[in-house]
Each structure stands twice: as structure tokens, then as C-alpha cells.
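To start, the structure itself, in C-alpha cells.
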Amino acid sequence: MSKRQNHREEVFVKILEAAEIEFGLKGYSGASLQHIAERAGLPKPNIIYYFQSKANLYKQVLDQTLMGWNDLFDRATIDDDPAYVLDSFIRVKLKQSFDKGPTSRLFAMEVIGGALHIGDYLKEELRPWFMSRIALLQGWMDAGKMRQCDPASVIYMIWSSTQHYADFEAQVLALSGIESLTDDDLKRIGDTVSGIILTGCGLSLPSNH
């Protein structure tokens, strides 16, 4: 990789990280390219050069969020162990909720608001992926690797139960009487959420947990 290409990638990532924070704090309407540029320590024209518009940058942030959430599950195949895949998917996604709460809340508010900026993405890109993962779960069921159940509901259940700790963080902390969630909480919650979902699918927690 050339120094120039490496520099371009560093700038691209720096802009995305700054945008993720800014959009997470202020939402789409409240955020501005100028404030994102200041947070990234770059001139505003750099933002426009790489992303053309605030709307496009916003979509890129949400796209990165979804890719991060679903990366592990995306690479799973029919030959894999569903217990290991689903347990790992749940724990990774839960950790992302702990680590990147503002981004999760940003995505939630976008969808609650009618997905005005990512409606086409949900239909044209996320839906084909979603259908492929339904087919994978159904394949595991047909192969006798897990109990027959509604595969779409399994995915929704994983998404909702793990994102809850980000989207409703204020409620979770208030009811728990704590200021932040710890690694011990992550382990305890992961064991509980994964155990319940896997048991419902006729699976057991992998021995390494």
C-alpha cells in the first residue's frame, strides 16, 4: 500500500469516527459538516471531498454500524456449529452495545423516525442479507442442528436483546443503581441472554463459556 493510499484511508476513518460521535450526540438534523470537520481536525472541504454531502456521510456511518454488528454472522456457513456462531454473535453484538451506545441509539432513532435516510438501504441491501441468514438458520434446522422455529424471530430477538443495553442505557443504569456497565456485567448479561436464546433454539452454551 502506498503512503498516499494509506493517508487517504486514515483520513477516511478519522472522518467516519468523528461523524459517528457527532451524529450520535446530535442526530442527523443537529449535526453539521463543520462540527464534524472540527472534531476530526480537518478542513471542511476534506469532508465534502470524501463523502460529498452530510446525507451520504450519515448513511456511511449507519452502514458501518450494521457491518460491525453483523460481520460475524455474515461469515457463518451451513457447516458451522450454530451454538458457537449464535453465542459469539450475541456476545460480540452485546459488547458493541456497551462500547458504542451512541451509534446504536442513532440507528434506533433513524428507524423509529421512519428510516428516511436509509429506507433504500434496508430494502435493497439489508433485506437480501437478512434473507440469506434466514436461509442459513433454516438450513441448520433442516439438518437437525437446532430446533425448528421461526428464523426471522431468532434474528430479531438477538438484535433487540443486545441493543437494549445501548438504546435504553439510561434506564438500565438507573434501575441497576450504577453509573456504567463493567466487563463483569458484560459476562453476566451475555451468559443470560445467550443461554436463554440458545436454549429456545434447542442448543447449549459452548463449553468455553
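The values are calculated or read from the model by the stated rules, or taken from the named source; none is laboratory data. Computed from a predicted model, the values in this text were never measured in an experiment. Cβ sites come from the backbone with ideal geometry, for glycine too, and all protein chains shown count toward neighbours. Areas reflect the complete protein model, heavy atoms only, side chains present, ligands, DNA and RNA absent. Shrake-Rupley method; radii C 1.70, N 1.55, O 1.52, S 1.80 Å.
A compact table of results
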{"quantity": "Overall dimensions of region 3-60 by Cα: Rg and Dmax, Å", "calculated": "10.6, 36"}
{"quantity": "Check: the chain dipole with +1 on Lys, Arg Cβ and -1 on Asp, Glu Cβ, in debye", "calculated": "500 debye"}
{"quantity": "21 Å Cα-Cα threshold exceeded, pairs from LYS14/LYS44; LYS54/LYS93; LYS14/LYS187; LYS59/LYS187", "calculated": "LYS54/LYS93; LYS14/LYS187; LYS59/LYS187"}
{"quantity": "Distance (nanometres) between label positions extended 7 Å along Cα→Cβ at VAL111 and ILE48", "calculated": "3.4 nm"}
{"quantity": "Computed over the chain: relative contact order in percent, which uses C-alpha pairs under 8 Å that are six or more apart", "calculated": "24 percent"}
{"quantity": "For region 52-168, size of Cβ-based charge dipole, Lys and Arg +1, Asp and Glu -1, in debye", "calculated": "300 debye"}
{"quantity": "Average accessible area per residue (Å²) across the chain - probe 1.4 Å, nucleic acids and ligands excluded", "calculated": "55 Å²"}
{"quantity": "Separation between Cα centres of region 164-191 and region 59-103, rounded to whole Å", "calculated": "19 Å"}
{"quantity": "Phi to ³J(HN,Hα) by Karplus 6.51 cos²θ - 1.76 cosθ + 1.60 over region 79-87, Hz, x for Gly, Pro", "calculated": "7, 6, 7, x, 5, 5, 5, 5, 4"}
{"quantity": "Residue-count net charge about GLY119 - beta-carbon cut-off 13 Å; Lys, Arg +1, Asp, Glu -1", "calculated": "-1"}
{"quantity": "Farthest positive-ward along region 3-60 dipole, Cα basis, beta-carbon charges - from SER29, GLN5, ASN56", "calculated": "GLN5"}
{"quantity": "Using θ = phi - 60° and Karplus 6.51 cos²θ - 1.76 cosθ + 1.60, couplings along region 115-123 (whole Hz; Gly, Pro as x)", "calculated": "6, 4, 9, 10, x, 5, 4, 4, 7"}
